[in-house]
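Step one of this worksheet: look at the structure below.
The values are calculated or read from the model by the stated rules, or taken from the named source; none is laboratory data. Small disclaimer: the values here were computed from a predicted structure and weren't measured. Here the Cβ positions follow ideal geometry from the backbone for every residue, glycine too, while neighbour counts run over all protein chains shown.
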Amino acid sequence: MNRPRGAGKAALRIPPSAAQVKVLFAGWRQELAACRKFAPAARNYAAARLMADVGLRVNEVTHLDLADIKWDLGPFGKLHVRQGKGARGSGPRERMVPLINDAGATLRWFVQDVWSCFDDDHTRPGAPLFCSERRSIDGTAERVGNETLRSTLSAAAATHLPDWTERVTPHVLRHFCASQLYLGGMDLVAIQAALGHAWIATTMNYIHVHSSHIEDSWITGQTRAADRLKGSRHEVEPEAGRRQPWHLEGQRAAADARRRGPGDQRREDVRALVRSPGQHQARRSRGHLRGPGMRGGGPADPRTRPARRPPWRPAQDQQTAASPSQPAASPAPARPRPAVTPRRRNHRSLPPA
């Protein structure tokens, strides 16, 4: 929970709203249809969309390989982040990030329709996911740089989001992702695992701008003060459709009981405690009505005792015990997911909206 000693307080980064980010990517998507270089523009769009959907760091995105996409893991597929931010001595921390928020659809479009524009061999080990236009000595595509993704994201925000005065950086998109996951009902521990934080206090710095516990406490205090101004605590009545607070329940009945005469109260208390002798006699005389084998009755006859019920067995075990020669039915195998491989396209295809 606590952060290590010497850790400075992070700067306050207020991300854009969900509507503003939607306008940004909608304008960027339309720009892909008429841009001069389709492949680099589509790569930058897919990388920025991935950072906004699952909250990856820019260094983690550039170090992803094509084989790091595990399409068959989990209900949505997962990303194997190998170059996560680590400590000084332990090195990079690896983690698995699920492809939530339709991030799998964006990656599937990029791998199938765009990746083949950068490289031809998708089966070679270490093939990068987001390639650069530059070639290495052996002719294979190199990885895209961090500054390339930063500059293109800033230029797209300046073009399609002119009302946003602050800079839009990959780290701001990371804050946006954490805030949207928190507003969607995701707990802090799950957000911490998705973002790769070692301390949950760091995750709290990402979502505190959307937390409303301060406002809720202020509204509760104002309501309590308004109730006190209406009269004494015992005279406060709840509003229509609302339940009275638990600390005020029963106080109205106690006030009414105190208004009664002291003699009536004493007589009611004594009348509730004193019983006639016939009540105890009648209670003791019911013992002869109990049946044999019951508590307080006569001895039970072993011949009338019901037979013991056999132990419960699952339906499959009962069927096996009834017919041991019949083989047990095997569960239906899970349907394998189709492999996502790059393919050549002669025309431009836009990403999913």
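Could you list, in sequence order, all residues of the stretch 138-159 that are among the polar types (S, T, N, Q) and assigned to a loop (DSSP other than H, G, I, E, B)?
The answer is 140, and nothing else.
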Selected residue (only one of 152, 148 is touching a residue at least 60 places away in the same chain (Cβ under 8 Å), in contact with a strand residue (DSSP E or B) (Cβ under 8 Å, 6 or more places away or on another chain) and among the hydroxyl-bearing types (Ser, Thr, Tyr)): 148
Number of positions in the stretch 160-210 that are without any contact (Cβ under 8 Å) to a residue 12 or more places away in the chain and in a loop (DSSP other than H, G, I, E, B): 8
In the stretch 26-42, residue surrounded by the most Cβ atoms within 10 Å (Cβ to Cβ) [restricted to those that are of a type in the set (A, V, I, L, M, F, W, C) and farther than 20 Å from residue 115 by Cβ]: 26
Condition met for residue 55 (in contact (Cβ under 8 Å) with a residue 24 or more places away in the chain, in contact with a Leu (Cβ under 6 Å, 6 or more places away or on another chain) and not basic (Lys, Arg)): yes
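Conditions (1) assigned to a helix (DSSP H, G or I); (2) touching a Leu at 6+ places or on another chain (Cβ under 6 Å); (3) exposed (fewer than 14 other Cβ atoms within 10 Å of the Cβ); (4) among the small types (Gly, Ala, Ser), marked per residue:
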| site | (1), (2), (3), (4) |
| --- | --- |
| 72 | no, no, yes, no |
| 75 | no, no, yes, no |
| 80 | no, no, no, no |
| 84 | no, no, no, yes |
| 100 | no, no, no, no |
| 104 | yes, no, no, yes |
| 109 | yes, no, no, no |
| 112 | yes, no, no, no |
| 116 | yes, no, no, yes |
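Anything in the stretch 146-187 that is exposed (fewer than 14 other Cβ atoms within 10 Å of the Cβ) and not β-branched (Val, Ile, Thr)? List them, or say none.
Filtering the stretch 146-187 down to residues exposed (fewer than 14 other Cβ atoms within 10 Å of the Cβ) leaves 147, 151, 155, 158-159, 162-163, 165-167, 183-185, 187.
Within the stretch 146-187, 147, 151, 155, 158, 162, 163, 166, 167, 183, 184, 185, 187 qualify.
May I ask you to verify whether residue 47 is under 21 Å from residue 341 (Cβ atoms), surrounded by 15 or more Cβ atoms within 10 Å (Cβ to Cβ), of a type outside the set (Phe, Trp, Tyr) and at pLDDT 95 or above?
Details: under 21 Å from residue 341 (Cβ atoms): yes; surrounded by 15 or more Cβ atoms within 10 Å (Cβ to Cβ): yes; of a type outside the set (Phe, Trp, Tyr): yes; at pLDDT 95 or above: yes.
So residue 47 passes the test.
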